[in-house]
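The values are calculated or read from the model by the stated rules, or taken from the named source; none is laboratory data. None of these values were measured; they are calculated from a predicted model. Reconstructed Cβ throughout: ideal geometry from the backbone, glycine too, with neighbour counts over all protein chains shown.
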């Protein structure tokens, strides 16, 4: 082994794609995900592998929460709209307006 040689570390996924998708579902939680994802590559370039791993983990955590909250919200809204529409159809067909 040569002096000053550091073994090549495996690449780290910065989770930027998942963070950007998450911003369309629930932006308040996606913003910290994007901020942490944007820190990963500069930290790797500085040689801070542990810091890059921590930033990637934080980005993944915030992205997952944004996706969970966003998808849950859309499902709840969809269910409420469908139930409201069905209730409107039932009420409208049972009452006579002659």
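Observations, loosely collected:
- First in segment 70-95 and closer than 30 Å to residue 19 by Cα, second anywhere and modelled with pLDDT of 85 or more and not in a helix (DSSP H, G or I), Cβ under 6 Å, 6 or more apart: 70/26
- The number of residues in segment 13-37 being outside any helix (DSSP H, G or I) and either crowded, with 17+ Cβ neighbours inside 10 Å or modelled with pLDDT of 95 or more (or both) comes to 3.
- If you check 69, 40, 90 for being outside any loop (DSSP other than H, G, I, E, B), surrounded by fewer than 12 Cβ atoms within 10 Å (Cβ to Cβ) and either modelled with pLDDT of 95 or more or out of contact with any strand residue (DSSP E or B) (no Cβ under 8 Å at 6 or more places or on another chain) (or both), only one passes: 90.
- Among the residues of segment 43-56, those identified as in a helix (DSSP H, G or I) and loosely packed, with under 14 Cβ neighbours inside 10 Å are 45, 50.
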